[in-house]
């Protein structure tokens, strides 16, 4: 069986995969690294839930269409657009809701510690009391755990294909969303880090998957808890996902003193120290600005690549050949001194950005003395440069892994 066959077998749709463009030499090496990953999610016996099947759940009186903000997390019913990559609360539906485009992006800088997003669905009174439509094991509900959740549909014509984040205990979700629980919180969070990365997203694209459901999820590459890069991954994943006090217990459970000594590997300009964290969750725990959140995701891309044995040229080949929308959008993307994003592409606009802001930025960059910065933004402006940032981060994480090997660590 060829490397390609091993990668697609049991993990994708061979017919769809055969329609994809030919791979480059560097991609072939990345594919080989992914195919040779021995550890798969099935080894950790994940408990996976498909949530409420919308039509059946409405018919059976479990959920109903009711727009509004729920009373608590236990009453919240999550839909796919609610969350983004490593961002459990990314959007909330507009009222009234008329189409799939009626979602407002949330400004994470303004989220309160008790934030609850608005929702389109609500549990019925009977379901609130019984929770009979939710998955149970030995009297324990699936929703009582911190979970890795993802949109089950995998799209190939978008910036990214895999949208996954960590849900806190309480919320349920509809069938277009799946979630999983592992035997330890550490494993759940490490897998959330893998699923936030470009290499794992690439795996879905190259194998032609249109959906990621139970069987396919179990075939995904999985991290080991004791890997030398585990703490570096945990810090970045938790700072991205732990947006509210609902994550306080998870943060405290997994907190490690080494995080305080960790630093940005991609050397982004103007950001606060990555390791400026404390054992107890506070409003300063999550990364909130658009620049620092993107920086953490770029570092996760590099870190997971090193973990999987994908070298930097292979990672860059993955990025350039299979993520053209991401590449194009970042070609015209900047961040101001407060970490606010400004982009040329309307689909990549930062929070609060208007079309005229980038026009003014363009003029300011050409003549910084004669043309003021866009209103509400402040210089200096830093341009997004993913290849440079990934190369810097990959070198740092490669050095950390090599140091562990020099100390005697073996996979």
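On the stretch given as segment 49-102, residues that are assigned to a strand (DSSP E or B) and closer than 30 Å to residue 292 by Cα total 8. You will find that of 250, 271, the residue that is assigned by TED's automatic domain parsing to the domain that holds residue 397, more than 24 Å from residue 341 (Cβ to Cβ) and touching a helix residue (DSSP H, G or I) at 6+ places or on another chain (Cβ under 7 Å) is 250 and no other. Which ones in segment 105-136 are closer than 25 Å to residue 50 by Cα, under 25 Å from the mean Cα position of the chain (by Cα) and without any contact (Cβ under 8 Å) to a residue 24 or more places away in the chain? Within segment 105-136, none qualify.
Residue-by-condition table, conditions (1) surrounded by 15 or more Cβ atoms within 10 Å (Cβ to Cβ); (2) under 30 Å from residue 172 (Cα atoms); (3) modelled with pLDDT of 95 or more:
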residue: 7; (1), (2), (3): yes, no, no
residue: 11; (1), (2), (3): yes, yes, no
residue: 14; (1), (2), (3): no, no, no
residue: 33; (1), (2), (3): yes, no, yes
residue: 39; (1), (2), (3): no, yes, yes
residue: 46; (1), (2), (3): yes, yes, yes
residue: 57; (1), (2), (3): yes, yes, yes
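Kindly provide the set of residues from segment 96-106 that are surrounded by 12 or more Cβ atoms within 10 Å (Cβ to Cβ) and farther than 20 Å from residue 171 by Cα, ordered by number. Of everything in segment 96-106, those that are surrounded by 12 or more Cβ atoms within 10 Å (Cβ to Cβ) and farther than 20 Å from residue 171 by Cα turn out to be 97, 102. When the residues of segment 209-237 are filtered to those that are out of contact with any helix residue (DSSP H, G or I) (no Cβ under 8 Å at 6 or more places or on another chain) and assigned to a helix (DSSP H, G or I), which remaining residue is surrounded by the most Cβ atoms within 10 Å (Cβ to Cβ)? Restricting to residues being out of contact with any helix residue (DSSP H, G or I) (no Cβ under 8 Å at 6 or more places or on another chain) and assigned to a helix (DSSP H, G or I), the top hit is 216.
When you look at residue 265, is it out of contact with any strand residue (DSSP E or B) (no Cβ under 7 Å at 6 or more places or on another chain) and either within 18 Å of residue 163 (Cα to Cα) or surrounded by 20 or more Cβ atoms within 10 Å (Cβ to Cβ) (or both), yes or no? Yes. Return yes when residue 166 is without any contact (Cβ under 8 Å) to a residue 60 or more places away in the chain, touching a strand residue (DSSP E or B) at 6+ places or on another chain (Cβ under 7 Å) and within 30 Å of residue 124 (Cα to Cα) and no when it is not. Answer is no for this residue.
The values are calculated or read from the model by the stated rules, or taken from the named source; none is laboratory data. This is a predicted model, so every value here is computed, not measured. Virtual Cβ from ideal backbone geometry, glycine too; neighbours counted across all protein chains shown.
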